[in-house]
Amino acid sequence: MVETTAIPRKNPASSSRTIDGQAVIALSDQAQIMILNDVGTRVWNLIDGRRTFEEIVALVTGQLVDSNEYEKVPPDLSSDIEQFLEDIAARGMITMGGMEGVN
């Protein structure tokens, strides 16, 4: 379970590009490539090593509310984002840490 205060940090060995609204993440040292959907791309773009899980969920929720692409925000958005972060952490694309080292 991801703590609300956990701070995701991108693996420095990862690289990404957004193509047609979908982020493509590559980890060359592990020969992994992952293509993200719209919400995953929004989350990935918000991971800056400073924002907490809770802040990312709030920002993505706000983006979805403001966009004309979604009629309503999925009720399980927070758990979907949590599962996504756990998945990309297991793949080595991010690490989850606390507030230490954040200025």
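A compact table of results
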item	result
Odd one out for M1 among (1) under 15 Å from T95 (Cβ atoms); (2) aliphatic (A, V, I, L, M); (3) at pLDDT below 95	(1)
Subset tally (residues that are out of contact with any helix residue (DSSP H, G or I) (no Cβ under 6 Å at 6 or more places or on another chain), under 20 Å from D80 (Cβ atoms) and touching a residue at least 40 places away in the same chain (Cβ under 8 Å)) for region 45-59	5
Single residue of V39, V24 found to be of a type in the set (V, I, T), surrounded by 14 or more Cβ atoms within 10 Å (Cβ to Cβ) and under 15 Å from Q83 (Cα atoms)	V39
Which listed residue is touching a helix residue (DSSP H, G or I) at 6+ places or on another chain (Cβ under 7 Å), over 18 Å from E86 (Cα atoms) and among the polar types (S, T, N, Q), from T18, T4	T18
Evaluation of N45 against (1) under 11 Å from the mean Cα position of the chain (by Cα); (2) under 20 Å from T5 (Cβ atoms) (one fails), failing number	(2)
Subset of region 88-98 (residues that are outside any loop (DSSP other than H, G, I, E, B) and modelled with pLDDT of 90 or more)	I88, A89, A90, I94, T95, M96
Filter result for I25 (aliphatic (A, V, I, L, M) and assigned to a helix (DSSP H, G or I))	no
Search result, residues across region 1-21 that are polar (S, T, N, Q) and surrounded by 13 or more Cβ atoms within 10 Å (Cβ to Cβ)	N11, S14, S16
Subset of region 63-87 [part of a loop (DSSP other than H, G, I, E, B) and under 13 Å from V39 (Cβ atoms)]	S67, E69, Y70, V73, P74, D76
Per-region count, region 51-103, residues loosely packed, with under 12 Cβ neighbours inside 10 Å and of a type in the set (D, E, K, R)	6
Residue, farthest from R91 (Cα to Cα), within region 31-47, restricted to residues that are modelled with pLDDT of 95 or more and in a loop (DSSP other than H, G, I, E, B)	I47
Failed item in (1) of a type in the set (A, V, I, L, M); (2) touching a Pro at 6+ places or on another chain (Cβ under 9 Å); (3) assigned to a helix (DSSP H, G or I), with V60 passing the rest	(2)
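The values are calculated or read from the model by the stated rules, or taken from the named source; none is laboratory data. Everything quoted here is computed from the prediction, not taken from an experiment. For neighbour counting, all protein chains shown are included, and Cβ atoms are generated from backbone atoms with ideal geometry for every residue, glycine included.
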